[in-house]
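Let me begin by presenting the structure, written as structure tokens, before commenting on it.
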Amino acid sequence: MKLYYATGTCSLSPHIVAIEAGIALELERVDIRKIPRVTETGADYAQVNPNLYVPALALDDGTILLEGTAIVQYLADLAPDSSLAPPPGSLARVRLQSWLGFIATELHKAFSPWLFHPEYGTQAQNVARSRIAARLDHVERHLASCGPYLLGDTFTVADAYLYTILSWSDVARVDLEAFPQVRALLASIGARPAVREAMHREASRQRA
């Protein structure tokens, strides 16, 4: 399988999940700074994903999967013994999907584009930071009562996604000081070998 990715984006999440699951992926970097968007091999990325964003996962039979929340669940289900996602149809799986939806709509979309495009202005950025803080208060209270991970004692694809989005906090000037449980989660996940490996692979390919 091949993962189309861009360094510093949400495509880090499925990359982490694949390594955690022991699934080998070919990587192909997408230049998201330019239109038309091309991959490192010169391919037109619009032919892979007409929406032009990452990630995209190309399966061995040529099928293309889009949307990170779907891709991470697909990868987790290929390695059920990894415990990266509860079994399909279980109540725990619904809780996982609930967290994936929350992260995608309430955190991911609050960071981007508002905090990465200065042309939106300071007021829009401050509104985004305020909204993120309110949502992180929900995450903080949940972790305090049910942690250390979003689904309790087990690291899942939702944690990988949360880590990926909140790793943008320094660049986006989102203050995490009021959220010790969130900061502890990020530190714990950041120390995982799979996370370090994924980030190292992407950084090495970026320099190449």
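Remark: segment 69-205 carries a charge dipole of roughly 120 debye about the Cα centre, counting +1 on each Lys and Arg Cβ and -1 on each Asp and Glu Cβ. Taking amide H atoms as placed 1.01 Å from N in the peptide plane, the amide H of TYR149 lies under 5 Å from those of THR154, each 5 or more residues away in sequence or on another chain.
Taking the Cα centre of segment 1-62 as origin and assigning +1 to Lys and Arg Cβ atoms and -1 to Asp and Glu Cβ atoms, the resulting dipole is close to 320 debye. Segment 88-174 has equivalent-ellipsoid semi-axes of 27, 13, 11 Å, by the square roots of 5 times the alpha carbon gyration tensor eigenvalues, sorted largest first. Cα gyration tensor of segment 130-205, axes a ≥ b ≥ c as square roots of the eigenvalues: rounded (a/c below 1.5), prolate (a/b > b/c) or oblate? The shape class here is oblate.
The helix-only estimate of mean residue ellipticity at 222 nm for the chain, built from DSSP H runs of length n ≥ 4 each weighted as -39500 (n - 2.57), is -14500 deg cm²/dmol after division by the residue total.
What you get for segment 1-138, charging only the Cβ of Lys and Arg (+1) and of Asp and Glu (-1), is a dipole of about 580 debye around the Cα centre. Simple rule: put +1 on each Lys or Arg Cβ and -1 on each Asp or Glu Cβ in segment 41-128, find the dipole, and look at GLN73, LEU100, GLN47; the Cα lying farthest toward the positive end is LEU100.
Each residue of segment 86-101 was assigned a 3J(HN,Hα) from its phi angle through the Karplus curve 6.51 cos²θ - 1.76 cosθ + 1.60 (θ = phi - 60°); the sequence is x, x, x, x, 7, 4, 4, 5, 5, 5, 4, 5, 4, 5, 4, x Hz, with glycine and proline shown as x.
Taking only protein heavy atoms and a 1.4 Å probe, the accessible area of the chain is 53% carbon and sulfur. A cut-off of 5 Å between modelled amide H atoms, ignoring neighbours fewer than 5 places along the same chain, links LEU52 with no other residue. Does segment 51-139 classify as rounded, prolate or oblate by the C-alpha gyration tensor (a ≥ b ≥ c root eigenvalues; a/c under 1.5 gives rounded; else a/b over b/c gives prolate, otherwise oblate)? Verdict is oblate for segment 51-139. Using only the C-alpha atoms, the convex hull of the chain corresponds to 124 Å³ per residue. Near VAL38, the amide H atoms lying under 5 Å from its own belong to ASP31, TYR45; only residues 5 or more places off or on other chains count, and H is placed 1.01 Å from N. Working note: Karplus 6.51/-1.76/1.60 with θ = phi - 60° gives segment 6-19 the couplings 9, 4, x, 10, 5, 5, 4, 4, x, 5, 4, 4, 4, 5 Hz, where Gly and Pro are set to x.
The values are calculated or read from the model by the stated rules, or taken from the named source; none is laboratory data. None of the values given here were measured: they were computed from a predicted structure. No Cβ is skipped: glycine too gets one built from the backbone with ideal geometry, and neighbour counts run over all protein chains shown. These accessible areas exclude ligands, DNA and RNA; they are computed on the full protein's heavy atoms, side chains included. Shrake-Rupley method; radii C 1.70, N 1.55, O 1.52, S 1.80 Å.
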